[in-house]
Amino acid sequence: MEEYVIKAVTARQIYDSRANPTVEVDVVLHDGSTGRGMVPSGASTGIYEALELRDGGDHLGGKGVATAVRNVRETLAPALIGMDARDQKAIDATMIALDGTPTKSRLGANAILGCSMATAWAAAAHRRMPLYAYLGGAMATTIPVPMIQIIGGGAHAAHAIDVQDFLVIPLSAPTFAAGYEMVVNVYMAAKKVFEEKSKPLSVADEGGFWPTGFTTNEEGLALLTESIVRAGYTPGKDIGIALDIASSEFYDEKTGTYRFSLENRTFSREEFVDLLVDWVDRYTIISIEDGASDVDWEGARLLTEKLGDRVQLIGDDLFTTNVDRIRKGIDEHTYNSVLIKPNQIGTITETFEAIAVTKNNGFLPVISARSGETEDAIIVHLAIASNAGQLKVGSVARSERTAKWNEAIRIEEALGDSAHYPSAKVFTDAGIRIFN
Ligand code: PGA
Ligand code: ZN
């Protein structure tokens, strides 16, 4: 048998960074090359995501993945064994056909993605190449600009505050490593600010600080700005602020309103857009994700009308890495950026298609981890392979996060002079003015 042919596919239940069960798949080729895929999992999931198959019942809070593991072993493995691991598209198409549902609900997107990821890793190992180079070729040299969480709220901090992520983006660094170091300094400064304000220090699901004792959501913006200054940087020049509002979590479709529970305030769609515009006017915000809910296209359009030329407006729950939904956004001039999460769609092939449609139409892709993660660093390789330009992983603390960031540092070093780090140009080249 040719050495690049799949010889074995195995799967097991492992656990993610939140202690939830998840799927791990190993693929072995005839030459002994192996690949392993470990599937991440979200908490603030959009309603249009591919289906994450969970066992239900009482065991492990219903979150077991024994069924998904069995689907890999009994249904996917027999189909993949004997196939050419280098043909990622055929591998993924085979699994999509076997499942036969639009949301991968029969076999589970977690079962399918595990196989898809493991096959890519195994094929790269067979080629003796790093995954980014195997998938992207010699032109895959763009090290992504990081979007890094400093404070974690929303579903990642028991809704202590309503807004989910307060993040920063380095703007004045010449390299990824230098930009990352700036963010580490901001994180350390934020730690001091929290301590001085007598806010008990602990971290939320993605390693950012848990927002204890906040009375408003805006306090997060003030604290972030103070931390940037305290670290010795100029907000808006050296470091920009990004928000993931994750507003699907507090949108009421019946009344068409957004609600900040922390502040006991309810906003109409128009009022909520005005609130975000006001924040952009008063803080150095350069990126807003899910400023409208996943069913509020009108709110997303309104936000784009008001801020689309000066702020990156990312659709996460609205687009769910789904090419049809991304196309609708492009056609209707809604948002200007797409969050890309492989497990929202379920295969590596479809993830690449989503990135291509996004880029080819002048929207900005941001490759993203989930709040429940593992030590698998595949998204860094996907970001570089596709020259996506941006990466969002959570904070600079906790190993499931640093597994990704450290991999980016290593790849930047390995590429040497070939490495291209776009810095603030990632926005301005796309026609987003940010602060000008
Ligand atoms: P999730 O959060 O993985 O819980 O969905 C990440 C995000 O909303 O971007
Ligand atoms: Zn999000």
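Below, the figures for the structure above:
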read-out	value
Per-region count, region 298-334, residues of a type in the set (D, E, K, R) and either in contact with a Ser or Thr (Cβ under 8 Å, 6 or more places away or on another chain) or within 16 Å of Ala356 (Cα to Cα) (or both)	8
Residue within region 297-313 that is under 22 Å from Glu253 (Cα atoms) and under 16 Å from the mean Cα position of the chain (by Cα) present	yes
Any hit, region 34-41, residues being outside any loop (DSSP other than H, G, I, E, B), in contact with an Asp or Glu (Cβ under 8 Å, 6 or more places away or on another chain), over 22 Å from Glu206 (Cα atoms) and open to solvent by less than 50 Å² (accessible area, probe 1.4 Å)	yes
Selection status of Ala85, open to solvent by less than 20 Å² (accessible area, probe 1.4 Å) and on the phi < 0 side of the Ramachandran plot	yes
Positions within region 233-258 being open to solvent by 10 Å² or more (accessible area, probe 1.4 Å), in contact (Cβ under 8 Å) with a residue 12 or more places away in the chain and either among the polar types (S, T, N, Q) or outside any loop (DSSP other than H, G, I, E, B) (or both), in sequence order	Pro235, Ser248, Glu249, Phe250, Tyr251, Thr257
Number of the condition not met by Val186 [criteria: (1) touching a helix residue (DSSP H, G or I) at 6+ places or on another chain (Cβ under 7 Å); (2) free of Cβ contacts under 8 Å to residues at least 24 places away in the same chain; (3) in a helix (DSSP H, G or I)]	(2)
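Quick grid of which residues meet (1) out of contact with any Phe, Trp or Tyr (no Cβ under 6 Å at 6 or more places or on another chain); (2) surrounded by fewer than 24 Cβ atoms within 10 Å (Cβ to Cβ); (3) on the phi > 0 side of the Ramachandran plot:
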site	(1), (2), (3)
Ala138	yes, yes, no
Ile151	no, no, no
Ala158	yes, yes, yes
Ala177	yes, yes, no
Lys191	yes, yes, no
Phe214	yes, yes, no
Ile228	yes, no, no
Ala231	yes, yes, no
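The values are calculated or read from the model by the stated rules, or taken from the named source; none is laboratory data. It should be emphasised that the depicted structure is a prediction, and the values quoted were computed from it without experimental measurement. As a convention, Cβ positions derive from the backbone with ideal geometry for all residues, glycine included, and neighbour counts pool all protein chains shown. Just the protein is used for accessible areas: all its heavy atoms, side chains included, with ligands, DNA and RNA removed. Shrake-Rupley method; radii C 1.70, N 1.55, O 1.52, S 1.80 Å.
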